[in-house]
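Accompanying notes for the structure given below.
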Amino acid sequence: MSMEQLEGHFRRIAHLRHVSAILQWDEAVMMPQAAGAERAAALTTLGVVVHEHLTAPQLPELIADAESADQRGELDPHRRANLREIRRIVQRASALPSQLVESLSHAQLRCEQAWRTQREANDWQGFAPLLREVVLRKREAAAALSGVLGVSAYDALLDEYEPFFTSAQIDALFAQLRAILPGLIDQVIEHQRVRPFLTPRGPFPKSAQEQLCRLLMAAVGFDGRHGRLDVSHHPFCGGVPSDVRVTTRYDEQDFMSGLMGVLHETGHAKYEQSLPRELRDQPVGQARGMSMHEGQSLFQEMQVSRGREFLSFAAPHIAQAFPDASAAQPEAFGVNNLLRLFTRVARTKIRVNADEVTYPCHIILRYGIERKLIDGKLDVADIPEAWDAGMRELLNISTGSDCRDGCMQDVHWAAGAFGYFPTYTLGAMTAAQLFAAAERELPNLREQLATGQFEPVNDFLRNKVWSVGSLYEPQALLEHATGEALNPKYFEAHLRKRYLQDPR
C-alpha cells in the first residue's frame with residue numbers, strides 16, 4: 001500500500017532527524033569550541049541526506065496513489081492528516097535545490113557558532129558578514145518557496161513555523177497590540193509604582209538553582225526519565241519526544257531569570273513528551289506549529305508560573321533552596337513579594353528577560369526588521385540603526401552601539417530562523433485563550449495550582465492539544481481545544497486583570 005510505503009520512508013527520516021537533534025544539542029552544550037568546523041560539516045551533510053530523502057523520486061507517485069486511496073475512503077482520519085502533512089513537507093523540500101540546502105545549512109551553522117563568542121564581545125563587525133551570508137541564502141530559499149507555494153517570500157518562511165498563517169493576519173493582530181500597548185505599559189508602570197518590593201540578595205549558587213529547577217520541573221510534570229536539563233548560551237528545548245533536552249543559563253545574582261527560563265522550556269518539553277507515542281515518527285504525530293508550541297511554554301511560564309497560586313506553592317521551595325539568602329531577607333521570599341517580582345513591568349533591552357506586557361514590543365520590532373531583510377528592503381549593515389530606532393519607538397529605550405544586548409542578543413537569525421519570532425506573541429495569545437478554556441472546564445483550577453496539583457491542568461492540555469499532534473490544521477486545533485479560533489481579546493483581558501486589577 002502506498003501509504004504504508006510513505007510511512008516507512010518518513011520513519012527513516014524521523015530517525016535521521018533524531019540523530020541531528022542530539023548532535024545540535026551537543027554542539028550547543030558539550031562540544032569543544034575548536035570542533036565547530038567539523039561539526040558544521042557533519043551536520044550539513046546530514047541535512048543534505050535528509051533533503052535527499054524528502055525529494056526522493058518515488059515520492060510523487062506514492063503520494064498520488066495514496067490520494068487516490070483517500071478518495072476511495074480507504075484512509076482513516078490520522079492517515080489522511082498524515083498524507084496532508086507529507087504532501088506539504090515534500091512540496092517545500094522539492095522547491096529547494098540540494099546545493100542551496102547545503103550552502104544554507106553551512107552558513108547557518110557557521111554563523112550560530114560564531115554568535116556564541118561574538119555576541120559576548122559585542123563584535124558586530126565580525127558577526128555581520130556571517131549574518132549577511134545567512135540572509136542572502138534565506139532570500140534565495142524564500143524566493144524558491146514563494147514560487148511553489150504561491151505566497152510572498154516572507155510568508156513562505158513563516159509557513160515553516162506556522163503553517164496556513166500569513167503576514168497579513170499577523171499585521172492585523174499586531175496592529176491591535178500596537179494600539180493598546182503604549183498606554184497599557186504606562187498604566188501598569190504607574191499602578192506598580194506605589195507597590196514597593198524587595199530584591200532578594202544573592203549570591204544564589206548555580207548548583208542550588210539547578211536543584212530548585214529540577215524540583216519544580218518534576219512537580220509540574222516533566223518526565224525526567226525521558227529528558228534532561230543542562231546549560232547553554234541561550235535557553236532552548238531540543239531533542240526528540242523520547243529524549244527531550246532542556247537548557248537554561250544561570251545568574252548567581254538573580255535566580256529568577258534562570259528559573260523562569262527553565263519553566264518556559266518545560267512547557268515546550270511537556271508538549272513534546274506527550275505527543276502521540278504511536279505516531280511520533282510520522283508528520284501527523286509532531287507538534288502543531290510554533291504558535292501552539294510557544295502557547296504551551298507561555299501557558300506554563302506566564303499563565304501558571306508567574307501567578308499567585310503557583311508562587312504560593314513554589315515559595316517554600318524557593319526559600320529552602322537558598323537558606324542563607326532567605327534567612328537574611330525572609331520578607332523577600334514571601335508570596336506577595338515574589339508575585340511583585342515575577343510580575344514587575346519595566347522597559348528592558350533583553351527580550352528573554354522582558355515581562356509579558358512589554359514582551360510583544362520586542363516581537364513587533366524583530367518581525368518588522370526580518371520582513372524587510374527578507375524582502376530586500378533592509379541591508380544587514382543597517383540592522384543596528386533600525387533596531388535602535390524601533391526600540392526607541394516601541395519602548396523608549398536606546399541601544400545605541402550596544403549590539404550585544406541589542407540586535408545580537410538572540411540566536412534566531414544566526415540560525416536562519418526567519419519567520420519564527422511572530423509565533424512568540426501568537427503563542428502568548430494562544431496561551432491566554434487556552435487558560436481561559438481550562439478555567440471553564442476546571443472550576444477549581446487556581447486552587448489546584450496553589451496546592452501543587454498540576455495533573456488536572458496537564459490532563460486538560462494533554463487531551464485537548466498534546467495527544468492530538470498534527471491531526472488538525474493549527475487554527476482548527478485551537479478551535480478543538482477552546483471552541484474558537486485565535487482571539488486576542490483573551491490576551492488583553494489577561495494583561496488588564498493581572499496587572500491592573502489583581503491585588504498586589
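The values are calculated or read from the model by the stated rules, or taken from the named source; none is laboratory data. Remember, it's a predicted structure, so these values are computed and weren't measured experimentally. Heads up, the Cβs are rebuilt from the backbone with ideal geometry, glycines too, and the neighbour counts pull from every protein chain shown. Each accessible area value is taken on the protein alone, full model and side chains, heavy atoms only, with ligands, DNA and RNA left out. Shrake-Rupley method; radii C 1.70, N 1.55, O 1.52, S 1.80 Å.
Side notes on the structure shown:
Listed here are the residues, each with its yes/no results for (1) within 19 Å of residue 418 (Cα to Cα); (2) out of contact with any Phe, Trp or Tyr (no Cβ under 7 Å at 6 or more places or on another chain); (3) part of a helix (DSSP H, G or I); (4) open to solvent by less than 30 Å² (accessible area, probe 1.4 Å).
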{"site": "70", "(1), (2), (3), (4)": "no, yes, yes, no"}
{"site": "74", "(1), (2), (3), (4)": "no, yes, no, no"}
{"site": "82", "(1), (2), (3), (4)": "no, yes, yes, yes"}
{"site": "87", "(1), (2), (3), (4)": "no, yes, yes, no"}
{"site": "113", "(1), (2), (3), (4)": "yes, yes, yes, no"}
{"site": "122", "(1), (2), (3), (4)": "no, yes, no, no"}
{"site": "125", "(1), (2), (3), (4)": "no, yes, yes, no"}
{"site": "160", "(1), (2), (3), (4)": "yes, yes, yes, no"}
{"site": "177", "(1), (2), (3), (4)": "no, yes, yes, yes"}
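- Of all residues making up the stretch 38-67, the number that are out of contact with any helix residue (DSSP H, G or I) (no Cβ under 9 Å at 6 or more places or on another chain) and within 16 Å of residue 96 (Cα to Cα): 1
- Scanning the stretch 485-504 for residues that are without any contact (Cβ under 8 Å) to a residue 24 or more places away in the chain and either buried (at least 21 other Cβ atoms within 10 Å of the Cβ) or over 25 Å from residue 269 (Cα atoms) (or both) gives 489, 497, 501, 503.
- Residue check, residue 415 among the small types (Gly, Ala, Ser), surrounded by fewer than 23 Cβ atoms within 10 Å (Cβ to Cβ) and within 28 Å of residue 249 (Cβ to Cβ): yes
- Test result for residue 214, open to solvent by 80 Å² or more (accessible area, probe 1.4 Å), touching a strand residue (DSSP E or B) at 6+ places or on another chain (Cβ under 7 Å), more than 25 Å from residue 495 (Cβ to Cβ) and not aliphatic (A, V, I, L, M): yes
- Selection count, the stretch 180-210, where residues are within 25 Å of the chain's Cα centre (by Cα) and either under 30 Å from residue 146 (Cβ atoms) or open to solvent by 80 Å² or more (accessible area, probe 1.4 Å) (or both): 1
- Qualifying residues in the stretch 218-235 (those that are crowded, with 19+ Cβ neighbours inside 10 Å and among the small types (Gly, Ala, Ser)) - the one nearest to residue 115 (Cα to Cα): 232
- Total residues in the stretch 132-143, condition surrounded by fewer than 18 Cβ atoms within 10 Å (Cβ to Cβ) and aliphatic (A, V, I, L, M): 2
- Residue match in the stretch 394-402 (condition: open to solvent by less than 20 Å² (accessible area, probe 1.4 Å), under 23 Å from residue 116 (Cβ atoms) and assigned to a loop (DSSP other than H, G, I, E, B)): yes
- The listed residue being charged (D, E, K, R) and under 15 Å from the mean Cα position of the chain (by Cα), out of 405, 410: 410
- Residue, most open to solvent (accessible area, probe 1.4 Å), within the stretch 25-47, restricted to residues that are among the polar types (S, T, N, Q) and under 16 Å from residue 104 (Cα atoms): 45
- Residue that is nearest to residue 469 (Cα to Cα) [pool: residues in the stretch 144-158 that are in a helix (DSSP H, G or I) and open to solvent by 60 Å² or more (accessible area, probe 1.4 Å)]: 148
- Number of the exception - residue 177 against (1) within 19 Å of residue 305 (Cβ to Cβ); (2) in contact with a helix residue (DSSP H, G or I) (Cβ under 8 Å, 6 or more places away or on another chain): (1)
- Check on residue 260, crowded, with 24+ Cβ neighbours inside 10 Å and touching a residue at least 12 places away in the same chain (Cβ under 8 Å): no
- Scanning the stretch 209-248 for residues that are outside any strand (DSSP E or B) and among the hydroxyl-bearing types (Ser, Thr, Tyr) turns up 232, 242.
- From the list 489, 464, the one residue that fits, being farther than 29 Å from residue 362 by Cα, among the basic types (Lys, Arg) and modelled with pLDDT of 95 or more, is 464.
- The stretch 451-483, residues that are in contact (Cβ under 8 Å) with a residue 24 or more places away in the chain and open to solvent by 40 Å² or more (accessible area, probe 1.4 Å): 451, 455, 462, 464, 467, 472, 473, 475, 483
- Selection over the stretch 48-68 of residues that are open to solvent by less than 30 Å² (accessible area, probe 1.4 Å) and in contact (Cβ under 8 Å) with a residue 40 or more places away in the chain gives a count of 8.
- The stretch 362-380 residues that are in contact (Cβ under 8 Å) with a residue 40 or more places away in the chain and closer than 23 Å to residue 181 by Cβ, paired with ones that are buried (at least 23 other Cβ atoms within 10 Å of the Cβ) and of a type in the set (Gly, Ala, Ser) (beta carbon under 8 Å, 6 or more apart): 370/419
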